[in-house]
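Shown next, in structure tokens, is the structure this report addresses.
The values are calculated or read from the model by the stated rules, or taken from the named source; none is laboratory data. Just so you know, these numbers come straight off a predicted model, no measurement behind them. Please note: Cβ atoms are built from the backbone with ideal geometry, for glycine as well, and neighbour counts cover all protein chains shown. Only protein heavy atoms, including side chains, enter the accessible area calculation; ligands, DNA and RNA are left aside. Shrake-Rupley method; radii C 1.70, N 1.55, O 1.52, S 1.80 Å.
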Amino acid sequence: MDQAVPANLGSGLVHAAESDPSAVRPAAGYAGDVSPQLACQWWQAGEAVLIDVRTDAEREWVGFVPGTVALAWKQWPGMALNAEFDAGLQAALAGGKKAVLLCRSGVRSVAAAKRATELGLEAYNILEGFEGDPDGDAHRGRKSGWRFHNLPWRQG
């Protein structure tokens, strides 16, 4: 009942990562989705490389996670695909570790995880992203995301 009622208030679905932050949620086309907490745990334990696929401007203006690999999936202006993405990803994961991919809200990182998988790499999308979903006032960072969960990050 404790899980059913909240789930029914949303979409009626309870995702593994929502009910258990240590669970990997299966995904099509890449290794899976993980909570920000699990991604941080893997990264801090040296089991994964944390790759921030947001634009340079997003990292500069909104904040970043120190010690991550900054490798934009798309770049501003125009949000064109980063021609250096594949080479940068392969270099970052040359040691054979898995990748946990972070974007603003967990959407671009899905596309990046699929590309990493096409390249033969083990890649996971970080659910909620850095800023999380917008609240009722269209503000991010107030109900989900890396920052919301008080995981390591800096601004400026």
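Observations on the structure shown:
- Lysine pair count for the chain with Cα-Cα distance under 24 Å and sequence separation of 8 or more or different chains is 5.
- Scattering profile of segment 39-112 at q = 0.12 Å⁻¹ [log10 I(q)/I(0), Debye over alpha-carbon scatterers]: -0.30
- At the residue level, residue 139 shows approximately 80 square angstrom of accessible surface with a 1.4 angstrom probe and all protein chains present.
- Residues whose amide H falls under 5 Å from that of residue 98, counting only those 5 or more places apart or on a different chain, are 49, with hydrogens built in the peptide plane.
- The label point for residue 57 and the one for residue 81, both projected 7 Å from the Cα toward the Cβ, are 2.1 nm apart.
- Carbon + sulfur, % of accessible area of the chain - ligands and nucleic acids excluded, 1.4 Å: 52
- With contributions of -39500 (n - 2.57) from each DSSP H run of at least four residues, the per-residue ellipticity at 222 nm computed over the chain stands at -7500 deg cm²/dmol.
- Order of exposure, largest accessible area first, which applies to 59, 142 with probe 1.4 Å: 142, 59
- Subtracting the Cα-Cα distance of residue 70 and residue 139 from 0.36 nm times their residue separation leaves 22.4 nm of extension gain.
- For the listed peptides 90-98, 122-130, a ranking on the average number of other beta carbons within 10 Å per residue, highest first, reads 122-130, 90-98.
- Legend: Rg and Dmax of segment 24-156, from Cα coordinates, 13.6, 43 Å.
- Within a Gaussian network of the chain (alpha carbon springs, distance under 10 Å), most fluctuating of 120, 141, 32: 120
- Accessible surface calculations at 1.4 Å, restricted to protein heavy atoms, place the chain at 52 Å² per residue.
- If only the Cβ of Lys and Arg carry +1 and only the Cβ of Asp and Glu carry -1, the dipole of the chain around its Cα centre is close to 180 debye.
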